[in-house]
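The values are calculated or read from the model by the stated rules, or taken from the named source; none is laboratory data. None of the values given here were measured: they were computed from a predicted structure. Using ideal geometry, Cβ is built from the backbone for each residue, glycine included, and neighbour counts are taken over all protein chains shown.
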Amino acid sequence: MLNEVVVVGAKALVQNKGDKLVYNAKADIGNKSGSATDVLRNTPMVTVDAGGEIKLRGNGNIKVLINGLPSNIMAKNLKEALKTIPAGTIESIEVITTPSAKYEAEGAAGIINIITKKKIKGTNGSVDLSGGNLEQSGNLELNMAKEKFDYSLSLNTSRENERSISELKRTSFLNGTETGNLLQNAKATQRFTGSGLDFSANYLPDSTQKIGTSISYWKGS
């Protein structure tokens with residue numbers, strides 16, 4: 001008697017698809033918590049510095065899309081907007097180093113396309129809370145999908161504390177003789193807070209077309 005054998009192939013963490021590189025963020029256990037900023041830190045060819053500045057192959061002149069579409073929130077304040085997207089909602093990151101003529105005309109040297117997880121038909125939702133000494137975030141997501149319509153509402157909030165320590169040491173001399181020393185130590189904490197709302201409604205006449213509208217709001221300091 002022969003038993004059925006099922007072979008399941010796992011997606012590679014990074015795939016080169018010719019015109020783009022795909023980082024399968026969902027398959028990386030390091031992306032279970034945090035925000036889109038943390039996912040981008042793990043994305044090949046993308047760097048994120050301590051201040052949240054994002055560069056693609058060392059160039060900061062990039063365009064960030066959500067599911068292939070521009071986002072008003074991303075255009076206004078990219079660093080803060082990325083903090084409001086929970087890492088757990090991201091399916092993959094597409095890195096495009098040779099953008100189309102449309103984006104080249106806008107001066108973009110590269111494109112980062114954030115693909116979020118597909119919606120499941122029916123009504124569903126999720127709550128995601130994470131926190132630590134330096135960063136706390138929360139996300140509420142509600143989805144309703146029918147045969148030809150889908151609706152999505154997402155509420156996000158995040159708070160981040162950035163601590164810095166500096167030291168200044170100065171020695172004074174007069175005619176080659178040491179006359180004094182000055183040692184200064186300083187500690188500072190900067191707090192960043194942000195909240196965002198995203199609502200979208202789409203009509204899908206068939207599997208190749210989508211007509212929709214979206215509303216995005218973000219406020220931060």
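Structure above, values below:
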{"read-out": "Single residue of the range 52-68 satisfying the filter (touching a helix residue (DSSP H, G or I) at 6+ places or on another chain (Cβ under 8 Å) and without any contact (Cβ under 8 Å) to a residue 40 or more places away in the chain) that is surrounded by the most Cβ atoms within 10 Å (Cβ to Cβ)", "value": "52"}
{"read-out": "Subset of the range 173-221 (residues that are of a type in the set (Phe, Trp, Tyr) and either within 19 Å of residue 83 (Cβ to Cβ) or out of contact with any Lys or Arg (no Cβ under 9 Å at 6 or more places or on another chain) (or both))", "value": "173, 192, 199, 217, 218"}
{"read-out": "Which listed residue, of 90, 165, 114, is under 30 Å from residue 59 (Cβ atoms), of a type outside the set (Asp, Glu) and out of contact with any Leu (no Cβ under 9 Å at 6 or more places or on another chain)", "value": "90"}
{"read-out": "Residue under evaluation residue 63, criteria (1) at pLDDT 80 or above; (2) farther than 23 Å from residue 131 by Cα; (3) over 13 Å from the mean Cα position of the chain (by Cα), criterion not met", "value": "(3)"}
{"read-out": "Selection count where residues are over 30 Å from residue 163 (Cβ atoms), modelled with pLDDT under 80 and not basic (Lys, Arg), scope the range 110-142", "value": "6"}
{"read-out": "Qualifying residues in the range 160-190 (those that are surrounded by 10 or more Cβ atoms within 10 Å (Cβ to Cβ) and modelled with pLDDT of 85 or more) - the one farthest from residue 133 (Cα to Cα)", "value": "172"}
{"read-out": "Residue, surrounded by the most Cβ atoms within 10 Å (Cβ to Cβ), within the range 31-51, restricted to residues that are at pLDDT 85 or above and under 10 Å from the mean Cα position of the chain (by Cα)", "value": "39"}
{"read-out": "Filter pass, residue 131 being farther than 24 Å from residue 22 by Cβ and loosely packed, with under 10 Cβ neighbours inside 10 Å", "value": "no"}
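This table checks each residue for (1) surrounded by 13 or more Cβ atoms within 10 Å (Cβ to Cβ); (2) closer than 22 Å to residue 159 by Cβ; (3) without any contact (Cβ under 8 Å) to a residue 40 or more places away in the chain; (4) touching an Asp or Glu at 6+ places or on another chain (Cβ under 8 Å).
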{"residue": "14", "(1), (2), (3), (4)": "yes, no, yes, no"}
{"residue": "79", "(1), (2), (3), (4)": "yes, yes, no, yes"}
{"residue": "109", "(1), (2), (3), (4)": "yes, no, no, no"}
{"residue": "115", "(1), (2), (3), (4)": "yes, no, no, yes"}
